[in-house]
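The values are calculated or read from the model by the stated rules, or taken from the named source; none is laboratory data. Computed from a predicted structure; not experimentally measured. So basically every Cβ, Gly included, is an ideal-geometry build from the backbone, and we count neighbours across all protein chains shown.
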Amino acid sequence: MAVRRPAALTDRELGAAYPFLPGAEAIVTELAPSLRDLIRSPVYEPARELGRARIRAAMDDPTGGTPVAALSSAAPELRYLSFLYARLLLSAAPAAAPLRRWAVAEAKQGSGRVAAAPLEEFLEVGRRLGFPLRGDGEGILVPLPDYLHLATPIREGDFRLVRQSLRAGLVRVGRDRAARLLQEGIRLRLTQPLAVAEDARAALTEGEPEFLAEVARRVPPPSSRPGSTGGPLLPDRFPPCLRRMRRLLEAGENLSHAGRFALAAFLHRGGASFETIVDAYRGAPDFDESITRYQVEHITQRDDGRGYEPPECATLRSHGLCYRDGDPTGPTPADREPDPLCHEPFLRHPLQYYRLRGGSVVDRAAADGGASGGGGSSR
Ligand code: SF4
């Protein structure tokens with residue numbers, strides 16, 4: 001008996017299923033709504049409502065594990081327009097973190113779908129994203145430059161190039177790993193804000209003040225809460241390495257495991273409350289509230305609440321996290337230039353730097369028992 005291959009998706013179906021693909025906008029060629037219509041016209045309120053639902057789902061669950069129920073029964077045009085509206089709205093929002101959070105959730109949903117799709121569809125999605133993948137019967141072949149581009153931001157050790165099968169400039173990976181790479185490709189694409197003209201930006205933000213305020217509440221900027229013990233945190237006195245870690249997370253960039261650990265341990269000893277430390281990670285593209293809470297608790301509750309000792313400079317240097325010579329991408333001249341204090345031979349530890357710049361460091365076991373202050377630290 002002949003085995004019938006599943007019919008390939010039409011362009012219209014492909015665009016509705018994967019609205020992030022270049023060319024997906026062809027779905028709405030016939031409707032041809034203007035940007036103004038999409039933002040303002042009552043005709044497109046269902047698309048806007050579904051767009052807001054997409055954003056809410058991402059804010060609630062950036063793992064992409066909570067699909068928007070109404071999407072599955074929506075017409076392809078409505079699905080595409082809801083995606084477009086969500087992307088426009090977050091591109092116009094004042095902070096970058098919500099767009100990046102949404103990008104993670106959409107990317108996870110997209111890669112989940114493509115992982116379960118027929119091989120032909122899988123390869124077509126890769127091709128349209130700009131990655132010429134091939135199947136060879138044993139796995140998926142990824143050109144080396146594409147592999148490096150997609151795997152570099154992934155923190156899992158299994159994606160390191162030394163652990164891959166590489167031949168003739170092609171990396172062979174299993175289907176799941178290839179889907180994870182595509183997820184990264186989708187995320188990278190969606191984290192780039194759309195260029196929104198000033199009048200459209202104003203229409204979007206003026207039309208959605210309450211919703212954007214709700215989004216901002218759900219993704220608050222780090223350190224929005226005061227420290228619970230030991231006085232306020234003084235982020236402008238942080239050493240260059242810690243300032244850069246915070247900037248990365250605020251910008252929705254990935255921070256390595258070593259960096260995440262160092263930041264939590266440092267903030268804890270700097271007197272930050274548990275909630276402040278959790279908040280510091282909210283901009284992370286893969287932020288997951290329950291996992292973060294668990295990890296922060298693990299780092300801060302050790303040794304009767306004293307917490308893990310933050311890594312010293314030599315350790316941060318070995319992880320590529322020391323920025324004493326300046327961060328070329330830093331926002332201020334002081335960030336971009338070498339830091340004299342960091343170059344003092346006696347400087348051994350970021351907490352030492354913080355104290356010397358006027359920050360207080362807390363012996364948390366004593367502080368949490370009621371004797372907070374800056375004098376009880378070993379640093
Ligand atoms: S010298 Fe130490 S405190 Fe300064 S940036 Fe490097 S790791 Fe941080």
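Observations, loosely collected:
- Any hit, the range 282-290, residues being in contact with a helix residue (DSSP H, G or I) (Cβ under 8 Å, 6 or more places away or on another chain), at pLDDT below 90 and basic (Lys, Arg): yes
- Residue match in the range 73-84 (condition: on the phi < 0 side of the Ramachandran plot, touching a Lys or Arg at 6+ places or on another chain (Cβ under 6 Å) and at pLDDT below 85): no
- For the range 244-255, a tally of residues being in contact (Cβ under 8 Å) with a residue 60 or more places away in the chain and within 14 Å of the ligand (Cβ to nearest atom) returns 3.
- Number of positions in the range 215-243 that are in a helix (DSSP H, G or I) and either at pLDDT 90 or above or within 15 Å of the ligand (Cβ to nearest atom) (or both): 7
- Put simply, of 57, 97, 103 the only residue that is within 16 Å of residue 18 (Cα to Cα), under 16 Å from the mean Cα position of the chain (by Cα) and buried (at least 19 other Cβ atoms within 10 Å of the Cβ) is 103.
- Total residues in the range 312-335, condition more than 8 Å from the ligand (Cβ to nearest atom) and surrounded by 14 or more Cβ atoms within 10 Å (Cβ to Cβ): 6
- Among the candidates 292, 276, residue that is polar (S, T, N, Q), under 22 Å from residue 99 (Cβ atoms) and surrounded by 20 or more Cβ atoms within 10 Å (Cβ to Cβ): 292
- Residues in the range 336-345 that are under 12 Å from residue 240 (Cα atoms) and within 11 Å of the ligand (Cβ to nearest atom): 338, 339, 340, 341, 342, 343.
- Residue match in the range 321-335 (condition: in contact (Cβ under 8 Å) with a residue 40 or more places away in the chain, within 14 Å of residue 261 (Cβ to Cβ) and part of a loop (DSSP other than H, G, I, E, B)): yes
- For the range 154-176, the set of residues classified as closer than 18 Å to residue 110 by Cα and either among the aliphatic types (A, V, I, L, M) or outside any helix (DSSP H, G or I) (or both) consists of 154, 174, listed by residue number.
- Being within 14 Å of the ligand (Cβ to nearest atom), in the same structural domain as residue 246 (by TED's automatic domain parsing), modelled with pLDDT of 95 or more and surrounded by fewer than 18 Cβ atoms within 10 Å (Cβ to Cβ) is not true of residue 349.
- The range 55-113, residues that are in contact with a helix residue (DSSP H, G or I) (Cβ under 6 Å, 6 or more places away or on another chain) and among the aromatic types (Phe, Trp, Tyr): 80, 85, 102
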